[in-house]
Amino acid sequence: MLHRARPRASVLRHARGDIGATSVETLLVTVSGLTFGAALCFLAVRGKAKFDAFVAGRPAPPFLPEVTIPWGTIGIAAGAIACGVAITVVVLAQRAVSRERQAERRRRVVLEARHDRVLEDLGAHLVEDPAGRALDELELLEALTEAQGARIGDDDHHYRTALRTLEAQWKATAADRAPTHTA
(Lines give C-alpha, C1' and ligand atoms only; values in the text may rest on other atoms or scores of the structure.)
Protein backbone atom coordinates (compact mmCIF):
# COMPACT_ATOMS: atom_id res chain seq x y z
CA MET A 1 0.00 0.00 0.00
CA LEU A 2 1.81 3.00 -1.24
CA HIS A 3 0.21 6.30 -0.50
CA ARG A 4 1.15 9.32 -2.35
CA ALA A 5 1.98 12.08 0.07
CA ARG A 6 0.25 15.36 -0.53
CA PRO A 7 1.96 18.51 0.57
CA ARG A 8 0.39 19.84 3.74
CA ALA A 9 0.10 23.45 2.57
CA SER A 10 -2.07 22.59 -0.43
CA VAL A 11 -4.25 20.31 1.71
CA LEU A 12 -4.86 23.08 4.20
CA ARG A 13 -5.55 25.69 1.50
CA HIS A 14 -7.94 23.34 -0.24
CA ALA A 15 -9.72 22.59 3.04
CA ARG A 16 -10.17 26.32 3.74
CA GLY A 17 -11.36 26.99 0.18
CA ASP A 18 -8.95 29.86 -0.53
CA ILE A 19 -6.90 28.34 -3.31
CA GLY A 20 -5.36 31.17 -5.30
CA ALA A 21 -7.49 33.82 -3.59
CA THR A 22 -5.99 36.83 -1.87
CA SER A 23 -7.80 38.17 1.12
CA VAL A 24 -8.85 41.78 1.45
CA GLU A 25 -6.76 42.13 4.58
CA THR A 26 -3.63 41.09 2.66
CA LEU A 27 -4.33 43.66 -0.05
CA LEU A 28 -4.92 46.41 2.52
CA VAL A 29 -1.69 45.62 4.33
CA THR A 30 0.23 45.62 1.05
CA VAL A 31 -1.23 48.92 -0.17
CA SER A 32 -0.84 50.66 3.18
CA GLY A 33 2.75 49.40 3.48
CA LEU A 34 3.61 50.72 0.00
CA THR A 35 1.96 54.07 0.79
CA PHE A 36 3.81 54.39 4.08
CA GLY A 37 7.09 53.50 2.35
CA ALA A 38 6.53 56.09 -0.38
CA ALA A 39 5.78 58.76 2.23
CA LEU A 40 8.97 57.88 4.15
CA CYS A 41 11.04 58.08 0.94
CA PHE A 42 9.56 61.50 0.12
CA LEU A 43 10.30 62.79 3.62
CA ALA A 44 13.85 61.42 3.47
CA VAL A 45 14.58 63.07 0.10
CA ARG A 46 13.11 66.43 1.15
CA GLY A 47 14.88 66.23 4.54
CA LYS A 48 18.21 65.55 2.85
CA ALA A 49 17.72 68.53 0.54
CA LYS A 50 17.03 70.77 3.56
CA PHE A 51 20.04 69.37 5.42
CA ASP A 52 22.32 69.89 2.39
CA ALA A 53 21.10 73.50 2.06
CA PHE A 54 21.74 74.09 5.78
CA VAL A 55 25.28 72.69 5.55
CA ALA A 56 26.05 74.75 2.41
CA GLY A 57 24.72 77.91 4.06
CA ARG A 58 22.06 78.71 1.49
CA PRO A 59 18.34 79.10 1.98
CA ALA A 60 16.39 75.90 2.31
CA PRO A 61 14.07 74.92 -0.54
CA PRO A 62 10.36 74.84 0.26
CA PHE A 63 9.08 71.58 1.67
CA LEU A 64 6.58 71.16 -1.15
CA PRO A 65 7.50 72.40 -4.61
CA GLU A 66 5.53 75.40 -5.82
CA VAL A 67 3.12 74.59 -8.58
CA THR A 68 1.83 77.23 -10.93
CA ILE A 69 -1.44 76.42 -12.58
CA PRO A 70 -2.06 77.95 -16.02
CA TRP A 71 -5.72 78.85 -15.40
CA GLY A 72 -6.02 80.71 -18.70
CA THR A 73 -4.96 77.68 -20.72
CA ILE A 74 -7.20 75.41 -18.67
CA GLY A 75 -10.14 77.80 -19.17
CA ILE A 76 -9.61 77.96 -22.93
CA ALA A 77 -9.36 74.17 -23.14
CA ALA A 78 -12.49 73.71 -21.01
CA GLY A 79 -14.36 76.25 -23.14
CA ALA A 80 -13.29 74.52 -26.35
CA ILE A 81 -14.42 71.15 -24.97
CA ALA A 82 -17.75 72.64 -23.85
CA CYS A 83 -18.29 74.22 -27.29
CA GLY A 84 -17.46 70.92 -28.97
CA VAL A 85 -19.93 69.07 -26.76
CA ALA A 86 -22.63 71.70 -27.37
CA ILE A 87 -22.12 71.59 -31.14
CA THR A 88 -22.23 67.79 -31.09
CA VAL A 89 -25.48 67.80 -29.11
CA VAL A 90 -27.07 70.33 -31.48
CA VAL A 91 -26.01 68.40 -34.58
CA LEU A 92 -27.27 65.09 -33.17
CA ALA A 93 -30.57 66.68 -32.17
CA GLN A 94 -31.01 68.18 -35.64
CA ARG A 95 -30.29 64.81 -37.23
CA ALA A 96 -32.85 63.12 -35.01
CA VAL A 97 -35.48 65.74 -35.86
CA SER A 98 -34.62 65.46 -39.55
CA ARG A 99 -34.95 61.66 -39.47
CA GLU A 100 -38.31 61.96 -37.70
CA ARG A 101 -39.57 64.45 -40.29
CA GLN A 102 -38.43 62.21 -43.12
CA ALA A 103 -40.21 59.26 -41.51
CA GLU A 104 -43.38 61.35 -41.15
CA ARG A 105 -43.16 62.35 -44.82
CA ARG A 106 -42.72 58.71 -45.86
CA ARG A 107 -45.73 57.68 -43.78
CA ARG A 108 -47.77 60.51 -45.31
CA VAL A 109 -46.76 59.45 -48.84
CA VAL A 110 -47.86 55.88 -48.09
CA LEU A 111 -51.22 57.13 -46.80
CA GLU A 112 -51.73 59.31 -49.88
CA ALA A 113 -50.84 56.39 -52.17
CA ARG A 114 -53.48 54.23 -50.43
CA HIS A 115 -56.01 57.05 -50.80
CA ASP A 116 -55.14 57.47 -54.49
CA ARG A 117 -55.56 53.72 -55.03
CA VAL A 118 -59.09 53.84 -53.57
CA LEU A 119 -59.93 56.88 -55.70
CA GLU A 120 -58.61 55.14 -58.83
CA ASP A 121 -60.67 52.04 -58.06
CA LEU A 122 -63.73 54.20 -57.52
CA GLY A 123 -63.05 56.08 -60.77
CA ALA A 124 -62.68 52.81 -62.68
CA HIS A 125 -65.94 51.62 -61.18
CA LEU A 126 -67.67 54.87 -62.21
CA VAL A 127 -66.40 54.45 -65.76
CA GLU A 128 -67.91 50.97 -65.87
CA ASP A 129 -71.14 52.17 -64.24
CA PRO A 130 -71.81 55.72 -65.52
CA ALA A 131 -75.03 55.97 -63.51
CA GLY A 132 -72.89 56.11 -60.37
CA ARG A 133 -74.87 53.67 -58.30
CA ALA A 134 -71.82 53.24 -56.04
CA LEU A 135 -72.11 56.88 -55.07
CA ASP A 136 -75.67 56.31 -53.88
CA GLU A 137 -74.19 54.79 -50.74
CA LEU A 138 -74.34 57.49 -48.07
CA GLU A 139 -71.62 55.87 -45.93
CA LEU A 140 -69.23 55.80 -48.90
CA LEU A 141 -69.85 59.46 -49.69
CA GLU A 142 -69.31 60.42 -46.05
CA ALA A 143 -66.11 58.38 -45.93
CA LEU A 144 -64.88 60.03 -49.17
CA THR A 145 -65.59 63.50 -47.80
CA GLU A 146 -63.97 62.73 -44.45
CA ALA A 147 -60.84 61.23 -46.06
CA GLN A 148 -60.46 64.20 -48.42
CA GLY A 149 -60.81 66.64 -45.54
CA ALA A 150 -58.28 64.69 -43.48
CA ARG A 151 -55.86 64.61 -46.44
CA ILE A 152 -55.90 68.40 -46.58
CA GLY A 153 -55.26 68.68 -42.82
CA ASP A 154 -52.06 68.02 -40.90
CA ASP A 155 -53.24 65.31 -38.49
CA ASP A 156 -51.90 62.00 -39.84
CA HIS A 157 -53.69 59.97 -37.18
CA HIS A 158 -57.05 61.41 -38.24
CA TYR A 159 -56.15 60.87 -41.92
CA ARG A 160 -55.15 57.25 -41.25
CA THR A 161 -58.44 56.60 -39.42
CA ALA A 162 -60.53 58.25 -42.17
CA LEU A 163 -58.65 56.31 -44.84
CA ARG A 164 -59.29 52.99 -43.08
CA THR A 165 -62.98 53.84 -42.94
CA LEU A 166 -62.97 54.79 -46.65
CA GLU A 167 -61.20 51.56 -47.61
CA ALA A 168 -63.65 49.49 -45.57
CA GLN A 169 -66.66 51.31 -47.08
CA TRP A 170 -65.28 50.95 -50.59
CA LYS A 171 -64.66 47.23 -50.14
CA ALA A 172 -68.17 46.77 -48.79
CA THR A 173 -69.68 48.80 -51.65
CA ALA A 174 -67.58 47.06 -54.31
CA ALA A 175 -68.54 43.65 -52.91
CA ASP A 176 -72.24 44.58 -53.02
CA ARG A 177 -72.04 45.95 -56.60
CA ALA A 178 -69.96 43.14 -58.08
CA PRO A 179 -71.88 41.46 -60.88
CA THR A 180 -72.89 37.92 -60.19
CA HIS A 181 -72.56 35.46 -63.00
CA THR A 182 -75.40 33.05 -63.35
CA ALA A 183 -75.26 30.11 -65.63
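The values are calculated or read from the model by the stated rules, or taken from the named source; none is laboratory data. Since the model is a prediction, treat every value here as computed from it, not as a measurement. Quick reminder, even Gly has a Cβ in these numbers, built from the backbone with ideal geometry, and neighbours come from all protein chains shown. SASA here: full protein model, heavy atoms, side chains in, ligands and nucleic acids out. Shrake-Rupley method; radii C 1.70, N 1.55, O 1.52, S 1.80 Å.
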Checklist line | Residue within the stretch 99-113 that is loosely packed, with under 14 Cβ neighbours inside 10 Å and modelled with pLDDT under 90 present | finding: no
Note to self: Of all residues being of a type in the set (Ser, Thr, Tyr) and exposed (fewer than 13 other Cβ atoms within 10 Å of the Cβ) in the stretch 126-183, which is modelled with the highest pLDDT? Just the residue, please.
What the structure shows: Thr145
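Out of all the residues in the stretch 13-26, which are part of a helix (DSSP H, G or I), modelled with pLDDT of 65 or more and open to solvent by less than 100 Å² (accessible area, probe 1.4 Å)? Even if it seems obvious, please write down each step before you answer.
We begin by selecting, within the stretch 13-26, every residue part of a helix (DSSP H, G or I); these are 13-16, 24-26.
Okay, now just the ones that are also modelled with pLDDT of 65 or more, so 25-26.
The one that is part of a helix (DSSP H, G or I), modelled with pLDDT of 65 or more and open to solvent by less than 100 Å² (accessible area, probe 1.4 Å): Thr26.
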Notebook entry, point to check: Using beta carbons and a limit of 9 Å, which pairs, at least six apart or on different chains, have the first residue in the stretch 51-69 and free of Cβ contacts under 8 Å to residues at least 40 places away in the same chain and closer than 21 Å to Cys41 by Cα and the second one open to solvent by less than 70 Å² (accessible area, probe 1.4 Å) and assigned to a helix (DSSP H, G or I)?
Noted result: Ala60/Ala49; Ala60/Ala53; Pro61/Arg46; Pro61/Ala49; Pro61/Ala53; Phe63/Arg46; Leu64/Arg46
Item checked: Which numbered condition Ala96 misses (of (1) open to solvent by less than 70 Å² (accessible area, probe 1.4 Å); (2) over 30 Å from Asp156 (Cα atoms); (3) modelled with pLDDT of 90 or more) -> (2)
